[in-house]
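Here's the structure we're looking at; comments come further down.
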Amino acid sequence: KFSKNCRPEGESSVSHLVTGIGQLVTNDPSVGDGSALGLLDDAAVVIEDDRIAWVGSAASAPPSDSAQDLGGRAVVPGFVDSHSHLVFAGDRSGEFAARMTGEPYTGGGIATTMAATRAASDDQLRQHVGTLLAEMRSQGTTTVEIKSGYGLDVEQESRALRIAAEFTSEVTYLGAHVVPPLFRDRRHEYVELVAGEMLEACAPHARWADVFCEPASAHAFDGDETRTVLRACAEAGLLPRVHGNQLAEGPGAQIAVELDAASVDHCTYLTDADVAALGAAGRLVDSENPVTGTVATLLPGVEFSTRSPYPDARRLLDAGAVVALATDCNPGTCFSSSMPLIIALAVREMKLSPAQALLAATLGGALALRRADVGRIRVGARADLTVLEAPSYLHLAYRPGVPLARAL
Ligand code: NIG
Ligand code: FE
């Protein structure tokens with residue numbers, strides 16, 4: 001299971017030394033070169049159970065029960081993919097092909113995936129999630145958030161969340177993904193359902209609640225509907241996050257800040273006021289104790305797969321925002337599980353330096369999930385190490401499309 005403690009109680013711990021790390025990215029600015037990435041050369045890490053017990057130079061590593069030598073390869077914190085929709089069935093490659101020749105993305109295809117998902121058995125869905133998570137791990141991802149949102153009725157949404165919770169503790173209730181076809185002419189009844197009976201059935205299985213806030217789309221939700229759903233979810237103990245500003249400028253980013261959502265995701269179309277609000281909200285994020293503040297999560301795979309303009313990540317950082325990068329892996333807007341691809345796109349298309357992009361894909365994702373135990377390599381953190389078939393992290397963006405990263 002991703003991000004869960006696996007050691008049975010009462011068993012004594014064994015230590016494992018990982019040495020021969022040519023370049024170690026710790027994301028701990030108090031060590032190494034003093035940069036935000038906290039770079040150490042010729043490093044070693046000692047792991048005990050699922051935790052990091054020691055970090056330092058290979059020459060001074062303590063004796064351990066077992067050891068492995070990485071032969072000069074670089075190691076980075078495991079990628080934290082803070083936004084995915086893995087519980088689904090069906091295929092929308094035809095919709096992708098149509099987009100590549102000029103069709104716009106509207107969110108209308110979500111109903112196609114809803115029908116296929118409803119028709120799939122629990123085991124089929126479970127197997128598919130497992131396959132996608134294996135894909136992610138083999139590309140260096142060690143923490144994954146998974147949303148519902150293709151069930152869109154009480155039974156199907158709670159089923160999706162139950163299945164997601166078998167794989168990760170970062171589970172998000174997205175009953176307010178789109179208004180399903182049955183409710184097209186009575187959307188207020190659907191909002192009531194999502195904030196009422198559906199929420200009651202789903203809350204026990206989720207940590208987070210999310211809404212696709214996009215007044216420009218007839219399928220998604222406006223600002224008032226978003227507030228109604230997220231407030232009800234907060235009362236039921238779920239922490240808010242928002243899909244916002246994907247298709248047009250709109251209220252999503254500012255509602256996320258107003259509700260102290262952990263993150264607003266997409267941020268493709270932002271006004272100066274949105275950027276300022278996200279800057280102020282970013283300054284509230286305490287990376288040692290992330291309990292408040294809103295992260296701006298960028299999903300460049302979506303701009304890639306929907307032929308949309310890429311937002312300027314540098315503009316957000318300059319304003320003081322905390323930026324995260326995630327895949328949004330889903331059948332409609334980005335069917336990629338690859339964080340290295342996302343990093344390369346963010347560097348090439350969103351004006352991030354390779355260091356800023358790596359930080360956003362690791363620590364940024366951790367902060368978007370309000371986690372202090374992942375996204376960094378330091379004593380006490382989870383032992384989530386990603387090895388690169390390369391001498392430095394720069395190769396993640398320098399060698400796009402090459403399978404360099406794998407979770408240790
Ligand atoms: O994050 N924008 C809303 N939801 C998903 C896409 C879902 C779909 O098209 O199937 C997203 O892009
Ligand atoms: Fe999404």
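Output the residue which, of all residues in segment 329-348 that are buried (at least 23 other Cβ atoms within 10 Å of the Cβ) and in a helix (DSSP H, G or I), is farthest from ligand 2 (Cβ to nearest atom). Here the answer is 347.
For segment 80-101, residues that are among the acidic types (Asp, Glu) and either within 11 Å of ligand 2 (Cβ to nearest atom) or not in a loop (DSSP other than H, G, I, E, B) (or both) total 2.
Taking every residue in segment 102-117 that is β-branched (Val, Ile, Thr) and pairing it with any residue that is assigned to a helix (DSSP H, G or I), at least 6 positions away or on another chain, the pairs with Cβ-Cβ distances below 8 Å are 112/95; 117/125; 117/156; 117/160. Does residue 101 qualify as being within 16 Å of ligand 1 (Cβ to nearest atom) and either under 19 Å from residue 20 (Cβ atoms) or not aliphatic (A, V, I, L, M) (or both)? So residue 101 does not fit the description; no.
Residue check: is residue 223 within 16 Å of ligand 2 (Cβ to nearest atom), without any contact (Cβ under 8 Å) to a residue 40 or more places away in the chain and not β-branched (Val, Ile, Thr)? Spelling it out, it is not the case that residue 223 is within 16 Å of ligand 2 (Cβ to nearest atom), without any contact (Cβ under 8 Å) to a residue 40 or more places away in the chain and not β-branched (Val, Ile, Thr).
Going through (1) more than 12 Å from residue 148 (Cα to Cα); (2) within 13 Å of ligand 1 (Cβ to nearest atom) one by one, residue 200 falls short only on (2). Would you say residue 74 is touching a Pro at 6+ places or on another chain (Cβ under 9 Å), touching a residue at least 12 places away in the same chain (Cβ under 8 Å), of a type in the set (Gly, Ala, Ser) and within 15 Å of ligand 1 (Cβ to nearest atom)? It is false that residue 74 is touching a Pro at 6+ places or on another chain (Cβ under 9 Å), touching a residue at least 12 places away in the same chain (Cβ under 8 Å), of a type in the set (Gly, Ala, Ser) and within 15 Å of ligand 1 (Cβ to nearest atom).
This table checks each residue for (1) among the β-branched types (Val, Ile, Thr); (2) within 16 Å of ligand 2 (Cβ to nearest atom); (3) within 27 Å of the chain's Cα centre (by Cα); (4) part of a loop (DSSP other than H, G, I, E, B).
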residue: 12; (1), (2), (3), (4): no, no, no, yes
residue: 17; (1), (2), (3), (4): no, no, no, no
residue: 22; (1), (2), (3), (4): no, no, no, no
residue: 27; (1), (2), (3), (4): no, no, yes, yes
residue: 31; (1), (2), (3), (4): yes, no, yes, yes
residue: 34; (1), (2), (3), (4): no, no, yes, yes
residue: 41; (1), (2), (3), (4): no, no, no, no
residue: 67; (1), (2), (3), (4): no, no, no, no
residue: 71; (1), (2), (3), (4): no, no, no, yes
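Evaluate the following for residue 384: is it charged (D, E, K, R), buried (at least 19 other Cβ atoms within 10 Å of the Cβ) and not assigned by TED's automatic domain parsing to the domain that holds residue 150? For residue 384, the condition - charged (D, E, K, R), buried (at least 19 other Cβ atoms within 10 Å of the Cβ) and not assigned by TED's automatic domain parsing to the domain that holds residue 150 - is met.
Annotation: of all residues in segment 262-296 being buried (at least 24 other Cβ atoms within 10 Å of the Cβ), of a type outside the set (Gly, Ala, Ser) and in a helix (DSSP H, G or I), the one that is nearest to the chain's Cα centre (by Cα) is 278.
The values are calculated or read from the model by the stated rules, or taken from the named source; none is laboratory data. As the structure is a computational prediction, the values presented were derived from the model and not from experiment. Here the Cβ is made from the backbone with ideal geometry for all residues, glycine too, and neighbour counts use every protein chain on show.
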